[in-house]
1. Just how far, in whole angstrom, is region 197-246 from region 274-301 if you go by their alpha carbon centroids?
2. Would you mind checking region 217-249 for residues with the amide N under 16 Å from a putative spin-label position 7 Å along Cα→C-beta of SER65?
3. Which entries in LYS85/LYS288; LYS2/LYS288; LYS15/LYS109 show an alpha-carbon gap greater than 27 Å?
4. Among LEU52, LEU177, LEU92, whose mean-square fluctuation peaks in a Gaussian network model of the chain (Cα, cutoff 10 Å)?
5. Starting from the Cα of LYS230, move 7 Å in the Cα-to-Cβ direction to define the label point; list residues of region 187-209 whose amide nitrogen is under 15 Å from there.
6. Please give the Cα centre distance for region 46-86 versus region 317-353, rounded to the nearest Å.
7. In whole Å, what are the extents of the chain along the principal axes defined by its C-alpha atoms, from largest to smallest?
8. Arrange the following residues from fewest to most other Cβ atoms within 10 Å of their Cβ: SER328, SER20.
Amino acid sequence: MKTVTVVGARPQFIKAAMVSQILRSTPNQEEVLIHTDQHYDKNMSNVFFQELDVPQPNYHLGVGSHTHGVQTGRMLEAIENVLLKEKPDWVLVYGDTNSTLAGAIAAVKLHIPVAHVEAGLRSFNRQMPEEINRVLTDHASDVLFAPTQAAIENLHREGISEEKIYLVGDVMYDAALHYGAKAQQTTHILEQLNLSPQGYILTTIHRAENTDNPVPLKAIFTGLAAIAEKLPVVLPLHPRTRHTLERNGLLETAQQHLHLIEPVGYLDMVMLEKNAGLIVTDSGGVQKEAFFHQVPCVTLRAETEWIELVELGWNHLIRPTDADAVRSGLLNAIALPHPSTIPTHLYGGGQAAKKIVDILTKRR
Ligand code: UD1
Ligand code: UDP
């Protein structure tokens with residue numbers, strides 16, 4: 001069986017790592033990896049291939065950063081060329097980025113079966129580029145690997161045929177279990193940054209709705225600066241956010257108040273997450289990793305796709321309308337006791353990648 005996997009953005013390298021390893025260690029399986037180069041900086045791309053033992057891509061498409069239409073269109077054309085040459089049994093796509101959508105459309109138009117990992121997530125906010133990518137990819141896919149029960153229900157509501165849908169759990173949970181132990185042994189990031197366990201807040205911000213608009217951007221960074229007077233805020237800065245802070249004249253103030261660092265590799269990130277007193281983010285993946293490592297989380301958005309963590313009290317949503325909403329919301333979160341329930345079944349048992357490979361093999 002030949003599978004073409006399409007990745008391109010940071011979270012996809014992490015999501016694909018476990019599935020790729022299992023695919024490549026199973027007899028009679030061949031994986032061909034396409035990297036669209038949606039992310040291309042060393043610390044947004046290469047570092048993950050090195051650390052997570054993801055095999056080097058067979059194809060680099062060199063697409064880079066553009067408007068949505070140009071970026072997705074260039075990917076579509078280049079992926080189609082590879083698929084025509086490779087003639088795979090499956091095209092495997094992950095998550096909700098432009099690379100995901102391009103991979104799914106290229107395949108479905110050539111009548112090559114598409115499998116979508118992390119299917120069924122919805123924010124119900126059609127302003128988010130990710131929401132459009134998810135809905136279109138799910139409806140173009142032949143097999144949908146849902147991580148949660150809520151995702152299954154979303155797919156049923158949209159009328160997607162039952163026989164295409166599988167509840168497999170979350171490949172990011174597989175990765176957190178697998179690499180969590182390795183991180184503990186290999187990284188020294190806490191010492192390097194002079195941080196003590198539970199003595200800091202870990203933050204990531206990159207969502208388009210929080211960075212393209214100066215109102216939430218300013219609210220978030222002013223609110224974080226106020227909190228940093230109580231507890232240091234460590235923030236590995238996504239290149240998108242660095243650019244928009246610069247454009248809006250906010251970078252220098254942010255540097256004065258916050259511990260801004262370059263984006264880190266996954267193993268360093270896991271260590272920073274495990275030891276944080278609180279995680280504040282607008283990332284999809286980081287919200288869940290906070291829960292995997294039992295660290296309370298605040299998500300700076302109006303809604304989330306991972307609603308089960310909000311219902312359980314592990315994640316609190318704060319809409320970053322102004323600096324005071326951010327500051328007071330974070331102060332409340334710091335004061336709250338940890339939730340007493342830690343359900344371990346929410347994201348599967350760490351076997352999602354194996355289930356995915358088994359199902360692809362069976363359905364070929
Ligand atoms: C993309 C995904 C988002 C995902 C995120 C993960 C889409 C529409 N968005 O958002 O769903 O959560 O990746 O991190 O697919 N840049 C660099 N170097 C890089 C990559 C990006 O400088 O290696 C800068 C460029 O200025 C670029 C900007 O970041 O224009 C945004 O990059 P892009 O890939 O378009 O979107 P992300 O915000 O990264
Ligand atoms: N991550 C990382 N280094 C960083 C920031 C994030 O390794 O400096 C990891 C994080 O642990 C998670 C993934 O990147 O596994 C999340 O990616 P991101 O927040 O970029 O995208 P999203 O999940 O929102 O799509």
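1. Distance between centres, Cα-based: 14 Å.
2. Within reach of a label on SER65: 237-249.
3. The answer is LYS85/LYS288; LYS2/LYS288.
4. Its mean-square fluctuation being the largest, the pick is LEU177.
5. 199-202
6. So the separation of the two Cα centres works out to 33 Å.
7. Cα extents, longest axis first: 57, 43, 42 Å.
8. SER328, SER20
Bear in mind these aren't lab numbers, they're just calculated from the coordinates by the rules spelled out. This structure is a prediction, so every number in the text was calculated from the model and none was measured. Neighbour counts run over all protein chains shown; Cβ positions are idealised from the backbone, glycine included.
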